[in-house]
1. Could you give the dipole magnitude of chain A about its Cα centre, charging the beta-carbon of Lys and Arg +1 and that of Asp and Glu -1, in debye to the nearest 20?
2. When chain B is modelled as a GNM with alpha-carbon springs shorter than 10 Å, which of B:150, B:199, B:160 fluctuates the most?
3. Could I have the simple spin-label model distance between residue B:17 and residue A:218, label points 7 Å from Cα toward Cβ, reported in nm to one decimal?
4. Mind ranking B:48-57, B:21-30, B:129-138 by how tightly packed they are, going by the mean number of other C-beta atoms within 10 angstrom, highest first?
5. Taking each residue in A:86-93, count the Cβ atoms of any other chain within 10 Å of its Cβ, then average. What number comes out?
6. Taking the convex hull of the Cα atoms, report for the stretch B:77-153 its projected area averaged over all directions, in nm².
7. Take peptide A:118-125, look around each residue's Cβ out to 10 angstrom, count Cβ atoms belonging to other protein chains, and average those counts.
8. Specify the inter-centroid distance of the stretch B:187-220 and the stretch A:1-71, based on alpha-carbon positions, in whole Å.
Amino acid sequence: MLDKTGIAKRIAKEIKDGYYVNLGIGIPTLVANYIPENMDVVLQSENGLLGMGPFPFEGEEDPDVINAGKQTITMLPGSAIFDSAMSFGMIRAKKVNLTILGAMEVSENGDIANWKIPGKMVKGMGGAMDLVASAENIIVAMQHVNKAGESKLLPNCTLPLTGVKCVKKIVTELGVFDVLPEGGFKLLERAPGVSVEEIKNATAGKLIVEGEIPEIVI
Amino acid sequence: MNKVVNGADEAIRDIQDGMTLMLGGFGLCGLPENCIAALVKKGTKQLTCISNNAGVDDFGIGLMLKQRQVKKMISSYVGENAEFERQLLSGELEVELLPQGTLATRCMAAGYGMPAIFTPAGVGTEVAEGKEVRNFNGKDYLMEMAFDADFAIVKAWKGDTMGNLVYRSTARNFNPAMAMAGKITIAEVEELVQPGELDPDHIHTPGIYVHRIFQGVNYEKRIEQRTVRSREQG
């Protein structure tokens, strides 16, 4: 089974040289730590920055330099600043190559729910609806089951949707899955020490298993 | 073309109860702190506030919420505020949540003189309820209307007396799009300079969009999430 770091490391392998990448809050943020050093990758922060650097050294925080999670960050040589309208313009125009975000539920046709639980305090969707509606390459990083032990990979989402038919790939602590255009979670890799049977039991939606499933290599 | 006013009190003098305001900023970054303080002091009520966030309990729009000055918030993300949550759950406060890009682009549309935009954000979700859906090249888009705000209140880093503005780093965020969108736009700046001191090639908001400008005082620039790394980590 993978821990959060393991999920982040596996997702980092999906990043290609020359990519512009938007990372969501939570596990996706960790992915930045595992991008291979020989790769030229630019991180987009939707509050208006391309070229997001690491957290500042203590004492060097700048209140005017934050990321979409409102955390103090740094800029890098070659960074560019722009306003919120342009930020979502480049997202809508598909200039961002890869979007990695968390989810509460994903359905077997690629619908995603990650912003609202009815009856609980609603904080809002932020930029998630814009990102999932426009990005062509969306990877979801999440736990396979919720705290109640229920599968988050479902035939249909039960929570209010963030976007429809948009998720292409999912990485959980149990495995790596493609969401097929015709519907279904295709198991690509399983986490070290996890059996196909265990993954089947934890997946409520249609799981497709073809041939031998290799273990994830990090 | 001198747009200079004496300070925040004069800048907001004619903001009336029941008006619609745009307020720049993202989280607590790039907030018009002086105008918010002046609005709190003036006690203007029943306001509709278009702003990406609603501040925290004791900073930003949170200060106006505490005084019950806000009737409705139009935002994309409103967490981190206990008083906000209380007013929302008790029905005292109305909230319209919109995708962040939709919010920004509805401001932009107003500043560009366009009545509406089409965006795929929210298609197939509850955000689409009651909105026209149009299909272009096989993909569905929602029609979202340009905002109509009585005042836009923004914060810039530098500005000149003619209202030309330059923002600093990610404190730019919603400020330029909102600056273009108000019937009356108020800009507060950290440094007010004379015409000619700003390089025309480096101006982010041309002064034609700005009606009133003043140099703000005592900027707190509070940090919402202070994250750092140790020197050892490199």
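Throughout, read-outs are computed from the coordinates displayed, never taken from laboratory work. Being a predicted model, the structure only gives us computed values, none of them experimental. Here the Cβ is made from the backbone with ideal geometry for all residues, glycine too, and neighbour counts use every protein chain on show.
1. Dipole about the Cα centre, nearest 20: 600 debye.
2. In the Gaussian network model the winner is B:199.
3. Placing both labels 7 Å beyond Cα along the Cβ direction yields 6.0 nm.
4. Descending packing order for the listed peptides: B:21-30, B:48-57, B:129-138.
5. Values: counts 6, 6, 10, 4, 0, 3, 8, 0.
So the per-residue partner count for this stretch is 5.
6. For the stretch B:77-153, the mean projected area of the Cα convex hull comes to 6.7 nm².
7. If you average over the peptide's residues, the count of other-chain Cβ atoms is 6.
8. Between the Cα centre of the stretch B:187-220 and that of the stretch A:1-71, the gap is 33 Å.
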